[in-house]
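Q: Here it is, the structure, as structure tokens.
No value in this document is a laboratory result; all are computed from the given coordinates. Everything numeric here is computed off the predicted structure, so don't read it as measured data. Glycine gets a Cβ as well: all are built from the backbone with ideal geometry, and neighbour counts include every protein chain shown.
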Amino acid sequence: MSFNTFGHVFRMTTWGESHGPAIGATLDGCPPGIALSETDIQPWLDRRRPGQNRMMTQRREPDAVRILSGVFEGRTTGTPIQLFIENTDQRSKDYGEIAHAFRPGHADLTYHLKYGLRDYRGGGRSSARETASRVAAGGVARRVLAELLPDLRITGYMVRMGEKVIDRARFDMAEITRNPFWCPDPQAAAEWADYLDFIRGRDHNSVGAVVEVVASGVPAGLGAPLYGKLDADLAAAMMSINAVKGVEIGAGMAAAELTGRDNADEITGTQDGQPVFASNHAGGILGGISSGQDVVVRFAVKPTSSILSPRRSIREDGTALDLKTKGRHDPCVGIRAVPVGEAMMALVLADHLLLDRAQTGGVRGRIGEG
């Protein structure tokens with residue numbers, strides 16, 4: 001039984017470990033005839049690549065992707081696509097002291113309890129290194145979406161770092177790529193830089209984050225009741241990302257604070273045969289099916305478990321110790337989770353688009369006719 005595969009029709013299987021020779025992904029179910037090369041995938045990997053600035057882990061990985069199968073003369077063949085990324089900058093010696101001890105807040109303990117053994121070098125499969133495979137696969141999904149839904153746009157950004165949040169009144173989409181936090185609020189980004197310098201440098205600590213991913217141009221009709229809901233698959237996709245502890249769609253948890261009048265996304269008319277809404281508390285999904293509005297997902301990323309501050313823990317033999325983790329780690333793993341969230345959004349949307357084509361052939365109910 002395998003638990004390394006995600007998707008229904010457009011299926012991704014990731015493989016490899018943090019300190020193994022390579023990581024990668026196998027994609028099955030990609031339509032034939034899609035133009036695809038490494039240059040279509042590499043820019044997305046470059047966004048996630050470690051060591052780009054002082055706010056990230058200083059592990060230096062080029063994350064150069066190779067396509068080993070499934071593409072002929074620049075186009076997908078409909079057969080499995082194998083993506084390969086070599087690991088080149090492992091420092092396994094940094095993890096010698098935790099070979100027989102468990103980092104608090106990390107998956108070391110549960111991997112040991114489940115399997116009776118674990119790859120302690122960087123966490124093996126539990127490492128955020130695995131997410132490079134997802135981003136590569138998401139690059140392929142984006143090419144599929146570009147062919148089938150050319151107006152679709154997927155944008156991720158951070159809206160919170162620890163106790164600090166953006167001011168949505170200052171939201172500027174152009175700012176997202178101008179700072180290391182993928183932050184749409186330039187004032188918040190400047191504050192976050194000082195905050196993270198303190199957290200990492202003087203406090204020897206780490207901090208969590210909240211990432212928001214928005215897909216605009218999603219057509220109405222993707223998703224299905226009751227066990228094929230688009231929001232259920234999006235929640236599973238985001239929750240599967242390493243270190244994610246919470247996911248919400250649209251208003252999410254804040255919907256519990258609203259009344260029915262406030263929460264209802266009133267329909268004010270139609271435009272080009274599509275409904276026009278006064279608000280989007282539903283996050284673009286009603287009854288598990290996309291409404292045509294922006295699909296909005298947020299997820300919370302916990303603080304990096306590997307920190308230099310000593311924490312109480314135990315060894316495999318049950319004896320106690322104070323443990324601090326050496327090595328190169330992100331002070332806020334949420335930063336590099338932004339392109340990962342975008343990739344998972346692309347994978348889910350590509351999968352549901354192909355599912356819908358198989359079930360309905362694109363047939364849709366009409367408004368304002370007849």
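Q: Between their Cα atoms, which of 164/245; 164/324; 114/324 are more than 20 Å away from each other?
A: Over 20 Å Cα-Cα: 164/324; 114/324.
Q: So who's got an amide H within less than 5 Å of the one on residue 224, skipping anything under 5 residues away but keeping other chains? H placed 1.01 Å off N, in plane.
A: Here the answer is 229, 230, since their amide H atoms fall under 5 Å of that of residue 224.
Q: On a full-extension model of 0.36 nm per residue, what is the gain between residue 68 and residue 204, subtracting their alpha-carbon distance, rounded to one decimal in nm?
A: Result for the pair: 44.8 nm of gain on full extension.
Q: Taking every pair of alpha-carbon atoms in region 71-178, give the share separated by more than 20 Å as a whole percent.
A: When all Cα pairs of region 71-178 are counted, 66 percent exceed 20 Å.
Q: Taking every pair of Cα atoms in the chain, average 1/r, invert it to obtain the Kirkwood radius, and report Rg/Rh to two decimals.
A: Using only Cα positions, Rg/Rh for the chain is 0.98.
Q: To continue, here is another question. Could you rank the peptides 273-282, 338-347 by their average count of other C-beta atoms within 10 Å per residue, with the highest value first?
A: For the peptides 273-282, 338-347, the packing ranking is 338-347, 273-282.
Q: Additional query: Using the Karplus curve 6.51 cos²θ - 1.76 cosθ + 1.60 with θ = phi - 60°, what ³J(HN,Hα) values do you get for each residue of region 298-308, in whole Hz, with x for Gly and Pro?
A: 10, 9, 9, 10, 6, x, 4, 6, 7, 9, 7
Q: Using 5 Å bins from zero, what percent of all Cα-Cα pairs in region 95-234 falls into each bin?
A: 2, 8, 11, 13, 14, 16, 15, 11, 7, 3, 0
Q: For region 99-105, in order, what is each residue's ³J(HN,Hα) by Karplus, 6.51 cos²θ - 1.76 cosθ + 1.60 with θ = phi - 60°, in whole Hz (x at glycine and Pro)?
A: Karplus-based 3J(HN,Hα) across region 99-105 equals 4, 10, 9, 10, 6, x, x Hz.
Q: Here is a further query. Contour minus end-to-end for residue 114 and residue 163, with contour as 0.36 nm per residue of separation and end-to-end as the Cα-Cα distance?
A: So the chain would gain 14.2 nm between residue 114 and residue 163.
Q: Please give the FRET efficiency for residue 360 paired with residue 257, using the beta carbon to beta carbon distance and R0 = 25 Å, rounded to the nearest 0.05.
A: FRET efficiency, residue 360 to residue 257: 0.10.
Q: Calculated from DSSP H runs of 4 or more alone, at -39500 (n - 2.57) each and per residue, what is the 222 nm mean residue ellipticity of the chain, nearest 500?
A: Rounded to the nearest 500, it is -7500 deg cm²/dmol.
Q: Residue-wise, which Karplus ³J(HN,Hα) couplings in Hz belong to region 211-218, taking 6.51 cos²θ - 1.76 cosθ + 1.60, θ = phi - 60°, and x for glycine or proline?
A: Ordered by residue, 3J(HN,Hα) equals 10, 10, 10, 10, 10, 9, x, 6 Hz.
Q: Let me ask another. Which FRET efficiency value, to the nearest 0.05, is calculated for residue 309 and residue 39 with the Förster distance at 51 angstrom and r the Cβ-Cβ distance?
A: In this case the efficiency is close to 0.75.
Q: Right, next: Which peptide among 104-111, 162-169, 9-16 comes first, and what is the full order, when sorted by highest mean count of other Cβ atoms within 10 Å?
A: 9-16, 104-111, 162-169
Q: Semi-axes of the equivalent ellipsoid of region 233-357: what are they in whole Å, largest first, if each equals the square root of 5 times a C-alpha gyration tensor eigenvalue?
A: 40, 17, 12
Q: Using the basic label-point model (7 angstrom from Cα toward the beta carbon), what is the residue 88 to residue 286 distance in nanometres?
A: Here the answer is 5.1 nm between the modelled labels.
Q: Given the peptides 189-202, 226-239, arrange them by the average over their residues of other C-beta atoms within 10 Å, most packed first.
A: Averaged packing, sorted descending, gives the order 226-239, 189-202.
Q: List the residues whose amide H sits under 5 Å from the amide H of residue 9, counting only those 5 or more places along or on another chain, with H placed 1.01 Å from N in the peptide plane.
A: Those qualifying (amide H under 5 Å, at least 5 residues apart or on another chain) number zero.
Q: While we're here: Under 15 Å from a label point 7 Å along Cα→Cβ of residue 267: give me every residue in region 350-370 with its amide N that close.
A: Of the residues in region 350-370, 364-370 have backbone N under 15 Å from the label point off residue 267.
Q: Pulled fully out, how much extra length does the chain show between residue 227 and residue 77, if you take 0.36 nm times their separation in residues and subtract their Cα-Cα distance?
A: This chain segment gains 50.9 nm when fully extended.
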